Amino acid sequence: MKIIVDSGSTKADWIFFDQDNKVITSVTSLGLNPEVITLEEFYTRVNTVPDIAKNKDNVGQLFFYGSGCGSNRSKTTVRDFFASYFVNCQGIHVHEDTYAAVYATVGQTEKGIVCINGTGSNVSYYDGHTIHQKVQSLGYMAMDDCSGSAFGRLMIKALFLNYMPEELAKKFTQKYDLDADVVKYNFYKKENPNAYLASFLPFLIEHKNHPFFQQMIKEQLVFFVEHYIKSHEEASTVPVHFVGSVAYFLQDEFRAVLLEKGITVGKIMQKPLDGLIDYHK
């Protein structure tokens, strides 16, 4: 049995293949970012999904594409965990989530810039053989601009500094428990504070036509283009592709800003799974 996993910080999609390389089932677990959850939590999130637990002895190959897997340290952590969990697995391959986005959008031989705009964000250039990154991400506390966590942080800040328009603030506090103690508990005591911030994204999507959010979205997009996408000089000559819920649900806004900046938009998809399945077949 072969498994491919596409994991963000919020959730992970698992695809199971049989020995004839046909998809037999798919399941979803909570996100498996080794930079924001402990190994104990990692185990819990994997082992509490029945289809994963019952097949743990049948897995021969595992391909894991995950956020937080950009360093050798984090890759080793994830690889060692899976080696201890899937005890009969002969091949464990751990890549950062950028590779999943590249394989799903650009393919194996084409050139392009690939952006991930989900819970977090990053940008890479694929030259047809190798992935190049000019910006080293420091994660949601310092970077991850134009992501779900970035928009969540801006929304919380606007609410508590009292510059969110009154009609939006009223709806925002009706939809979520935004007591200061609750917010701080989720920031400092619970796992995945970045995913907590990103959990407010549906509110922004729902009210994205409000002038306050239109300005917020455009400012984030312009900053992302200028400081992330344009860090690659190839941005003016190759298509720029996007993967992630932020890009998918704000694609009209993305296309408008990129058109202003003279950038060619390639594919925009919410999840790279379909492309990954074709690639691994």
In the set 173, 130, the lone residue that is over 16 Å from the mean Cα position of the chain (by Cα) and within 30 Å of residue 112 (Cα to Cα) is 130
Taking only the range 55-70 into account, find how many residues are surrounded by 19 or more Cβ atoms within 10 Å (Cβ to Cβ) and not in a loop (DSSP other than H, G, I, E, B).
5
Scanning the range 240-253 for residues that are farther than 16 Å from residue 144 by Cα, in contact (Cβ under 8 Å) with a residue 12 or more places away in the chain and not aliphatic (A, V, I, L, M) gives 241, 248, 249, 251, 253
With the condition kept exactly as written, say whether any residue in the range 13-29 is under 17 Å from the mean Cα position of the chain (by Cα), open to solvent by 40 Å² or more (accessible area, probe 1.4 Å) and either more than 24 Å from residue 138 (Cα to Cα) or at pLDDT 95 or above (or both).
yes
Can you find a residue that is out of contact with any Leu (no Cβ under 9 Å at 6 or more places or on another chain) and among the basic types (Lys, Arg) anywhere in the range 166-173?
yes
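Table: residues versus (1) of a type in the set (Gly, Ala, Ser); (2) assigned to a loop (DSSP other than H, G, I, E, B); (3) in contact with a helix residue (DSSP H, G or I) (Cβ under 9 Å, 6 or more places away or on another chain).
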position	(1), (2), (3)
128	yes, yes, no
135	no, yes, yes
149	yes, no, yes
157	no, no, no
185	no, no, no
191	no, yes, yes
194	no, no, yes
Tell me, yes or no, whether the range 31-54 has at least one residue that is assigned to a strand (DSSP E or B) and out of contact with any Cys (no Cβ under 6 Å at 6 or more places or on another chain).
no
If you take the residues of the range 156-193 that are modelled with pLDDT under 95 and surrounded by 16 or more Cβ atoms within 10 Å (Cβ to Cβ), which of them is nearest to residue 10 (Cα to Cα)?
192
In the range 136-155, anything open to solvent by 40 Å² or more (accessible area, probe 1.4 Å) and not hydroxyl-bearing (Ser, Thr, Tyr) is listed as 136, 138, 141, 142, 153, 154
Note down all Cβ pairs under 6 Å where the first residue falls in the range 1-30 and is closer than 14 Å to residue 277 by Cβ, the second is among the small types (Gly, Ala, Ser) and open to solvent by less than 70 Å² (accessible area, probe 1.4 Å), and they're at least six residues apart or on different chains.
5/12; 6/100
When the range 197-213 is checked residue by residue, the ones that are within 13 Å of residue 154 (Cα to Cα) and assigned to a helix (DSSP H, G or I) are 197, 198, 201, 203, 204, 212, 213
Output the number of residues of the range 194-211 satisfying the condition of being surrounded by fewer than 20 Cβ atoms within 10 Å (Cβ to Cβ), touching a Phe, Trp or Tyr at 6+ places or on another chain (Cβ under 9 Å) and under 14 Å from residue 171 (Cα atoms).
5
Is it the case, given these coordinates, that residue 87 is open to solvent by 10 Å² or more (accessible area, probe 1.4 Å), β-branched (Val, Ile, Thr) and not in a helix (DSSP H, G or I)?
yes
Restricting attention to the range 214-272, report how many residues are open to solvent by less than 80 Å² (accessible area, probe 1.4 Å), in a helix (DSSP H, G or I), over 23 Å from residue 152 (Cα atoms) and among the charged types (D, E, K, R).
1
Specify the residue that is surrounded by the fewest Cβ atoms within 10 Å (Cβ to Cβ); the eligible residues are those in the range 102-116 that are at pLDDT 90 or above and in contact with a strand residue (DSSP E or B) (Cβ under 6 Å, 6 or more places away or on another chain).
112
Among (1) surrounded by fewer than 22 Cβ atoms within 10 Å (Cβ to Cβ); (2) of a type in the set (S, T, N, Q); (3) part of a loop (DSSP other than H, G, I, E, B) - the single one residue 76 does not satisfy:
(3)
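The values are calculated or read from the model by the stated rules, or taken from the named source; none is laboratory data. It should be emphasised that the depicted structure is a prediction, and the values quoted were computed from it without experimental measurement. Backbone-built Cβ (ideal geometry, glycine too); neighbour counts: all protein chains shown. To get the accessible areas, we keep the full protein, side chains included, count just its heavy atoms, and leave off ligands, DNA and RNA. Shrake-Rupley method; radii C 1.70, N 1.55, O 1.52, S 1.80 Å.
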